[in-house]
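What follows is a short report on a single structure.
The values are calculated or read from the model by the stated rules, or taken from the named source; none is laboratory data. Owing to the predicted nature of the structure, the values given are computational and were not obtained by experimental measurement. Cβ coordinates were reconstructed from backbone atoms using ideal geometry, including for glycine residues, and neighbour counts include every protein chain displayed. Side chains are part of the model used for accessible areas, which takes the heavy atoms of the whole protein and leaves out ligands, DNA and RNA. Shrake-Rupley method; radii C 1.70, N 1.55, O 1.52, S 1.80 Å.
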Amino acid sequence: MADRTFYVTTPIYYVNDAPHIGHGYTTVMGDILTRWHRQRGERVWYLTGVDEHGQKVLRKAEANGVSPQEWVDRLVEDEWKPMLQTIDVANDDFIRTTEARHEAGAQAFWQDLYDRGAVYKGSFSGWYSVSSEEFVGDDDVVDGEGEDEGFKVSALDGSRLEYMTEENYFFRLSEYADRLLALYEEHPEFIQPESSRNEIISFVKRGLKDLSISRSTFDWGIPVPWDREHVMYVWIEALLNYVTAAGYGVDPERFEELWPANVHIVGKDIARFHAVIWPAMLMAAGQPVPHRVFAHGWLLVGGQKMSKSKANGIHPNEIVSTFGSDAYRYYFSRALTFGSDGSISWEDIHARYHAELANGFGNLASRVAAMIGKYFGGALPAAGEQGPAEKALIDTIGAAVSAADAAIERIAPQEAMVEVWRIVDALNGYLTEQAPWKVAKDESQGDRLATILATAAEGLRVLAVVLNPVTPKACASLWESLGAEGPLGPLADQRLDDVARWGQLPAGTPITKVPSLFPRIELPEQDS
Ligand code: MSP
């Protein structure tokens, strides 16, 4: 068991609207990562949640004629929490920024910044994007076109800008450029992948300006503790969720155990907040910075970032209701490279579902169970002597498990899945070559038949464990079909560093028919 808890976070999502698969993507990847670490036997804490304050949410509530609190309460209960079930996420905590624990912790942090002289009062004039809740520097302000004609828009994300003049509190961000550059230099893993790291370094090298961190023209936010005329700027409040959920300011023992976080998983659109502003705030408060910020790419639809405001958002239910949560989870981890942008398509999900999950994995499990049923009355036979084919298979499986584990360490789930599918392919190839259905016709070869099927069943045992973080429902069925719980204990207790040790399922274990893990799906005609 690791000494410290492996603490992973997702961004907290704005509750201006219902979730789409872009949000589901980050959340599932964090879930796969944390389930994998649990399967290693580590103590893990996986945090996700929602960002409820700020003008974007306020305006949406107003447009719908309800108070912001009513709006967020409804969306969190009806949409955001259910999404976690839809995509089968095993988070340990869910933070809402309207919770008292967050308010208390955020105020304690702000007070500390103030007491240390990191904050001062000033007046702000400049451009602001409500849709990304971001101050936009003059260099990034451009004239809008098309439906934005006559407005200024942000060159960063095309969102419409508003000019604001307000009395604000400022954070002395400009003082942290050197310390931040030293952090990126000494800890190249702090911001990944390389493309984000380079972008962040050149951004900081251009120089940092002090940052306006409070707002005084509306009140949907957490009051600044020493000046109740101001609420905290939503980003500065939101970043603090990572420490307030860990007990900052209220539970020092818990905070000590969880902080600093091991990985903040974020979309690349918000890497700057996490890799520049956030570590500077922590430095200013005398707190350690997180170990890693991993910025993944965007899901694109028609070449554009999927987002609700562009009306191209797909709800996770739309995919899960057809393919199931396991297939959803597998697809996003396998079909996209986590650090890069990628497109998904209905046809691709359908094709991978049948080729990889149904024919590759599901069919393998049912064939092996059916043959053990037919030839050995459903009791796992004792393996005889291993021949070259078994030795080669066992080597392949051992190497694939190690390589998959190393890929997860690099936060490269796609590469991990490629490695795991080497096991699926090797087992299918082994069965085709050994043709147990032919061997069964020769009575003198009973021992050989037993070896082949016992070897295949062991291979399935390995697959159930290594795929459990990705397709937990199918793996639970497989574990049951292998009768593995009796001799080996619960699936969750199987350890990845021991999984490739051969011969764990004892002879005589009752093997039962697997309900089809990935039944065939006929698709209705699609419009596009
Ligand atoms: N509330 C802030 C985050 C505060 S964290 C301290 C925010 N919220 S958001 O609702 O806009 O969610 C942003 C995150 O959602 C992105 O960083 C990313 O993780 C995910 N995604 C939203 N759209 C996405 C895509 N089209 N593709 C991939 N991920 C996307 O920003």
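Between 0 and 90 degrees, rounded to the nearest ten: what's the tilt of helix 325-335 against the longest Cα principal axis of the chain?
It is inclined by approximately 80 degrees.
Under a 1.4 Å probe, what is the accessible area of the range 346-493 per residue, stated in Å²?
Per residue, the range 346-493 has 39 Å² of solvent-accessible surface.
Using θ = phi - 60° and the Karplus form 6.51 cos²θ - 1.76 cosθ + 1.60, what ³J(HN,Hα) does each residue of the range 41-53 get, whole Hz, x for Gly and Pro?
3J(HN,Hα) across the range 41-53, in whole Hz: x, 7, 7, 10, 9, 10, 10, 9, x, 9, 10, 10, 8.
Could you point to the residue in 98, 312, 176 farthest towards the positive end of the chain's charge dipole, with +1 and -1 charges on the Cβ of Lys/Arg and Asp/Glu respectively?
312
Share of the range 1-84's accessible area from carbon and sulfur, percent, 1.4 Å?
Of the solvent-accessible surface of the range 1-84, carbon and sulfur hold 49 percent.
Taking the Cα centre of the chain as the origin and placing charges on Cβ (Lys, Arg +1; Asp, Glu -1), which of 521, 195, 75 is farthest toward the positive end of the dipole?
Among 521, 195, 75, the one farthest towards the positive end of the dipole of the chain is 521.
Whole-Hz Karplus ³J(HN,Hα) for the range 388-403, in order, using 6.51 cos²θ - 1.76 cosθ + 1.60 and θ = phi - 60°, x for Gly and Pro?
My calculation for the range 388-403 gives x, 5, 5, 4, 4, 4, 5, 5, 4, 5, x, 5, 5, 4, 5, 5 Hz in order.
Per residue, what accessible area does the range 1-100 have, given a 1.4 Å probe and all protein chains present, in Å²?
Value returned for the range 1-100: 33 Å² of accessible area per residue.
Where the convex hull is taken over the Cα atoms of the chain, what is its projected area averaged over directions, in nm²?
26.7 nm²
If you wrap a convex hull around the Cα atoms of the range 409-528, how much volume per residue is inside, in Å³? Numbers along the way, then the final one.
On the way: hull volume 19.1 nm³, N = 120.
Expressed per residue, the convex hull around the Cα atoms of the range 409-528 is 160 Å³.
If you fit an axis through the alpha-carbon atoms of helix 363-376 and take the longest principal axis of the Cα set of the chain, what angle between them do you get, 0 to 90°, nearest 10?
Long axis of 363-376 versus the principal axis of the chain: about 30 degrees.
Could you compute how fast the range 39-128 diffuses translationally, taking Rh as the Kirkwood radius over C-alpha pairs and applying Stokes-Einstein at 37 °C with viscosity 0.692 mPa s? Give it in µm² per second.
201 µm²/s
Mind jotting down a quarter of the surface of the convex hull over the alpha carbons of the range 313-411, in square nanometres, one decimal?
So the Cα hull casts an average projection of 9.2 nm².
Going through the range 82-121, which trypsin sites (Lys or Arg not before Pro) have at most 13 other Cβ atoms within 10 Å and a DSSP loop state?
Hits after loop and neighbour filter: 116.
Taking amide H atoms as placed 1.01 Å from N in the peptide plane, list the residues 5 or more away in sequence, or in a different chain, whose amide H sits under 5 Å from that of residue 339.
Those qualifying (amide H under 5 Å, at least 5 residues apart or on another chain) are 297.
Over the range 202-330, what lengths in whole Å, largest first, do the semi-axes of the equivalent ellipsoid take, defined as the square roots of 5 times the eigenvalues of the alpha-carbon gyration tensor?
31, 20, 18
If one computes the Cα centroid of the range 351-405 and of the range 2-78, what distance in Å separates the two points?
Rounded to whole Å, the Cα centres lie 38 Å apart.
Gap in Å between the Cα centre of the range 210-263 and the Cα centre of the range 289-327?
27 Å
When all C-alpha to C-alpha distances in the range 346-493 are sorted into bins of 10 Å, what percent of pairs does each bin hold, rounded to whole numbers?
11, 40, 36, 12, 2
Provide Rg over Rh for the range 60-104; use the alpha carbon set for both Rg and the Kirkwood Rh (inverse mean inverse pair distance).
Here Rg/Rh amounts to 1.05.
Mean residue ellipticity at 222 nm from the helices of the chain, using -39,500 (n - 2.57) per DSSP H segment of n ≥ 4 over the full residue count, to the nearest 500 deg cm²/dmol?
Computed ellipticity for the chain at 222 nm equals -13000 deg cm²/dmol.
Filter 56/310; 81/268; 121/209 down to the pairs with a C-alpha to C-alpha distance above 18 Å, please.
Working: 56/310 15 Å; 81/268 24 Å; 121/209 15 Å.
In this structure, 81/268 exceed 18 Å between Cα atoms.
Nearest 5 percent is fine: what portion of the DSSP beta bridges confined to the chain is antiparallel?
Within the chain, antiparallel bridges account for around 55 percent of the total.
Can you tell me the 0 to 90 degree angle between the C-alpha axis of helix 100-115 and the longest principal axis of the chain, rounded to 10?
50 degrees
Take residue 345, project a point 7 Å from its Cα along the Cβ direction, then tell me which residues of the range 283-319 have their backbone nitrogen under 14 Å from it.
Only 300-303 pass the distance filter.
Pull up all non-local amide H partners of residue 214: gap of 5 or more, or a different chain, and H-to-H distance under 5 Å with H placed in the peptide plane.
Placed amide hydrogens put 169, 233 under 5 Å from residue 214.
Order of 365-372, 426-433, 407-414 by packing, highest average Cβ count within 10 Å first?
365-372, 407-414, 426-433
Can you pull the accessible area of residue 94 for me, 1.4 Å probe, Å² to the nearest 10?
Estimated to the nearest 10 Å², residue 94 gives 30 Å².
For the charge dipole of the chain, defined by +1 on Lys and Arg C-beta atoms and -1 on Asp and Glu C-beta atoms about the Cα centroid, which residue among 462, 27, 503 has the Cα displaced farthest towards the positive pole?
503
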